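The values are calculated or read from the model by the stated rules, or taken from the named source; none is laboratory data. The model shown is predicted, which means the values in this text are computed figures rather than measured ones. Please note: Cβ atoms are built from the backbone with ideal geometry, for glycine as well, and neighbour counts cover all protein chains shown.
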Amino acid sequence: MESADDWQRFGDPWSRRRDTHEMLVRFADMTVRAVAYDMPVIGYNTSNIGTLRLWQSEAVSDFDFKLLTIRST
């Protein structure tokens, strides 16, 4: 079973959010927004720099907590 890795938990000064590269990912019962983050990967003993693209999922719309309110009658 896969589980999410909280790769942004401590902050990261090197990765850059790329809002222009966001995608909508549709599942059977929901849609989420995937936002790209680019992180430079520097090679050893070379002047080459690669880019590692990571994705963060976000809600497409705000969650309405009022829908979950249980009222006593």
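Within segment 14-62, the only residue that satisfies the criterion of being in a loop (DSSP other than H, G, I, E, B), more than 22 Å from Ser3 (Cα to Cα) and among the acidic types (Asp, Glu) is Asp62. Looking at the structure I just gave you, is Asp6 modelled with pLDDT under 90, exposed (fewer than 10 other Cβ atoms within 10 Å of the Cβ) and within 10 Å of the chain's Cα centre (by Cα)? For Asp6, the condition - modelled with pLDDT under 90, exposed (fewer than 10 other Cβ atoms within 10 Å of the Cβ) and within 10 Å of the chain's Cα centre (by Cα) - is met.
Of everything in segment 34-73 that's modelled with pLDDT under 90 and acidic (Asp, Glu), which residue is farthest from Ser15 (Cα to Cα)? Ranking the candidates gives Asp64 first.
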